[in-house]
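Following: one structure in structure tokens, then a few remarks.
Read-outs: derived from the displayed coordinates by stated rules, not from any lab. All values derive from a computational prediction rather than experimental measurement. For neighbour counting, all protein chains shown are included, and Cβ atoms are generated from backbone atoms with ideal geometry for every residue, glycine included.
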Amino acid sequence: MHFSVRALFLFVFCYTVFFEVRASENDRDIFIHSIYVVGDSISSRSQLDQTRFDWFDIMYVMASPMWEASDFDKPETDVVQKMVRNHSYSEGDFGCSLVPELIARAHFDGTKVLLSILGDEEYNLVAEDPERRRKFARVISSFVAKYNFDGVDVDWEHTLDLELHIALLTDLRAALDELGKPTVLRNYFLTTAIHSWRKYTCEQASRLCGVIDWVNVMTYDMGGGIWGKTPSHNAPLDKIKKDLKNWRMFPSNKICIGLANYGFYYRGILPGEMSDVPLGEKNGRYFDYTELTSLVSNGWTESYDFCAEAPYYYSPDKTEFVTIDNSHSLQLKLEWALQCDYRGVFWWEFQSDYFPAEAGFDFARHPLIDPIAERIHADRSIWERSSDSNSSNTER
């Protein structure tokens, strides 16, 4: 049964007005479970029908307007006209056309949705110019308001300049705070995704923490990928632990750990061997968990690396292999993140372990995501019951 979109938006409006303060406070106390969603990859409305939105506290949706640095040399009214007022997600039953409905459904289940904005060199060109930077922040905030997003996530990876990054986020924080002023009730989130190998000074970390809610540390893409020449584990826990030692100047509640439900497939090369060209040119490609079932049914076997705390999967003749996490290695990462008192965990990406609902079931299956979500929600229920009990004892 499909939602009435009009009724759904009315509910969400009431939810925002009456419950935003309480929700915002609670969101900042819990161990959060979140996920990235590529807007263009949403396959159909039935996929929304089959999604357990309540599994996630945050969805980072990549569905920003097209932009380039030169846009922000124009008068701000012109940029707002182009990127906000004239913008609309195309009509249809797939891709970004379903983003407004995704937002409404997520809000119905109490899930926040942040606009995730991908960029590299264009970010540098915007951030290095103070006027461009401030204009960018205000325009993006207007876009957030138009579609009822709950904040912004900045995904600036390969060309990241730490100082410019902090400056851009500082202006975005100011613009989002200004956006929340009229109601006083709404707190907009600001997060950012950063590779685990980045290194900050204590002073830089302090300034960054002053303007963001948390950092999504990308603890994946840690092997050869398709860009390097030596294949290895995509997200080994031993290397994650080593990299996170460089993040000790950040409070643990400002860090979310990345979980990957994708990996890499390689052919004609073994782990640790060097190729004469980048792996993507001859030996490797991206690999989704959805592909693994058919390989295992055709004789592929798991080989667990106890040092790395991560598995490989090999073809019967050992000429091909895959690096990808499984439920066991992901549970180890979750336990470690909980022990370290990190803010939460997040996934890249929604589609990579998605299987449509089977006959007789309402919801799609995520073989990697579901067990993690179940564990987090079970722990949360225990924590909530304990908190309620302590509150009752205090009142008595």
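Under 5 Å between amide hydrogens, which residues at least 5 positions from residue 347 or on another chain qualify, with H placed 1.01 Å from N in the peptide plane?
Correct list: 34, 35, 36, 259.
Name the long-range amide H neighbours of residue 62: under 5 Å, sequence gap of 5 or more, or other chain; modelled H, no Pro or chain starts.
37, 38, 39, 116
Between the stretch 214-258 and the stretch 158-198, what's the alpha-carbon centroid distance in Å?
Comparing the Cα centres of the stretch 214-258 and the stretch 158-198, I get a distance of 21 Å.
Which of 136, 72, 189 moves most in a GNM of the chain, Cα contacts under 10 Å?
72
Under a no-solvent Debye model with one identical scatterer per Cα of the chain, what's log10 I(q)/I(0) at q = 0.10, 0.11 Å⁻¹?
Log10 I(q)/I(0), no solvent term: -0.71, -0.86.
Would you be so kind as to identify all helices of the chain, as entire DSSP H runs, whose Cα atoms reach 24 Å or more along the helix's own axis and whose mean Kyte-Doolittle hydropathy is at least 0.5? Walk me through the intermediate numbers first.
Working: long enough: 5-27 (28 Å, 0.81); 130-147 (26 Å, -0.65); 162-180 (27 Å, 0.72); 369-395 (38 Å, -1.15).
Passing helices, by number: 5-27, 162-180.
Residues with amide H under 5 Å of residue 228's amide H, sequence separation 5 or more or different chain, H placed in the peptide plane at 1.01 Å from N; which?
279
Over the chain, what is the mean sequence separation of C-alpha contacts under 8 Å (at least six apart), divided by residue count, expressed as relative contact order in percent? Please list the in-between numbers first.
Numbers: 689 pairs, mean separation 64.1, N = 396.
16 percent.
Take the Cβ-Cβ distance between residue 306 and residue 90 as r, set R0 to 45 Å, and report the resulting FRET efficiency rounded to the nearest 0.05.
On the way: r = 49 Å, r/R0 = 1.10.
So the FRET efficiency works out to roughly 0.35.
With a cut-off of 8 Å between alpha carbons and a minimum separation of six or more residues, what is the relative contact order of the stretch 84-218 in percent?
RCO, the stretch 84-218: 23 percent.
On the first, second and third principal axes, largest extent first, how far apart are the outermost C-alpha atoms of the stretch 26-74 in Å?
On the principal axes, the stretch 26-74 reaches 41, 33, 11 Å in Cα extent.
Would you work out the Kirkwood radius for the stretch 201-276? I mean one over the mean of 1/r across all pairs of different Cα atoms, in Å.
Values: mean 1/r = 0.0702 Å⁻¹.
After inverting the mean inverse Cα-Cα distance, the result is 14.2 Å.
So for the stretch 56-137, averaging the separation of alpha carbon pairs under 8 Å that are six or more residues apart and normalising by length, what relative contact order in percent results? Don't skip to the answer; put the middle values down first.
Working: 66 pairs, mean separation 39.2, N = 82.
It comes to 48 percent, rounded to a whole number.
Name all residues of the stretch 332-370 having a backbone nitrogen under 16 Å from the label point set 7 Å from the Cα of residue 41 along its Cα→Cβ direction, giving them as ranges.
346-356, 365-370
Which pairs, out of 112/333; 229/318; 112/146; 241/282; 199/239; 146/254, put more than 21 Å between their alpha-carbon atoms?
On the way: 112/333 24 Å; 229/318 19 Å; 112/146 15 Å; 241/282 31 Å; 199/239 15 Å; 146/254 28 Å.
112/333; 241/282; 146/254, as the Cα separations exceed 21 Å there.
Using alpha carbons only, how many angstrom separate the centre of the stretch 292-336 from the centre of the stretch 73-128?
37 Å
Evaluate the stretch 215-254: find the radius of gyration of its Cα atoms, find its Kirkwood radius, and give the ratio Rg to Rh. Before the final figure, lay out each step's value.
Numbers: Rg = 11.8 Å, Rh = 11.3 Å.
Ratio of gyration radius to Kirkwood radius: 1.05.
Share of antiparallel DSSP beta bridges in the chain, in percent to the nearest 5? Walk me through the numbers on the way to the answer.
Numbers: 18 of 54 bridges.
If I count the DSSP bridges inside the chain, around 35 percent turn out antiparallel.
How much length, in nm to one decimal, is gained on full extension between residue 162 and residue 201, taken as 0.36 nm per residue of separation minus their Cα-Cα distance? The partial results should precede the final answer.
Details: separation 39, 0.36 × 39 = 14.04 nm, distance 1.00 nm.
Here the answer is 13.0 nm.
Give me the extension gain from residue 74 to residue 238: residue separation times 0.36 nm, minus the current Cα-Cα distance, reported in nm with one decimal.
In short, 54.2 nm is gained.
Let me see the P(r) profile for the stretch 101-213: every Cα-Cα distance counted, bins of 10 Å, each bin given as a percent of all pairs.
Spelled out per bin, shortest first, that is 14, 46, 31, 10, 0.
Calculate, for residue 81 and residue 131, the FRET efficiency according to 1/(1 + (r/R0)^6) with r their C-beta to C-beta distance and R0 25 Å; round to the nearest 0.05.
Numbers: r = 18 Å, r/R0 = 0.73.
E between residue 81 and residue 131, to the nearest 0.05, is 0.85.
Quick check: from the Cα gyration tensor, does the stretch 285-358 come out rounded (a/c under 1.5), prolate or oblate? Write out the running numbers ahead of the final one.
Numbers: a/c = 2.55, a/b = 1.41, b/c = 1.81.
Since a/c reaches 1.5 but b/c is at least a/b, the shape of the stretch 285-358 is classed as oblate.
Mind checking which of 293, 321, 257 is farthest towards the positive end of the chain's charge dipole, using Cβ charges of +1 (Lys, Arg) and -1 (Asp, Glu) about the Cα centre?
Checking the options against the dipole of the chain, the answer is 257.
Stretch residue 53-residue 270 to full length: gain in nm at 0.36 nm per residue minus the Cα-Cα span? Can you show the working numbers first?
Values: separation 217, 0.36 × 217 = 78.12 nm, distance 3.92 nm.
Separation in residues times 0.36 nm, less the Cα-Cα distance, equals 74.2 nm.
Expressed in whole Å with the largest first, what are the equivalent ellipsoid semi-axes of the stretch 23-122 derived from the C-alpha gyration tensor as the square root of 5 times each eigenvalue?
Details: eigenvalues 146, 65, 30 Å².
They are 27, 18, 12 Å, listed from largest to smallest.
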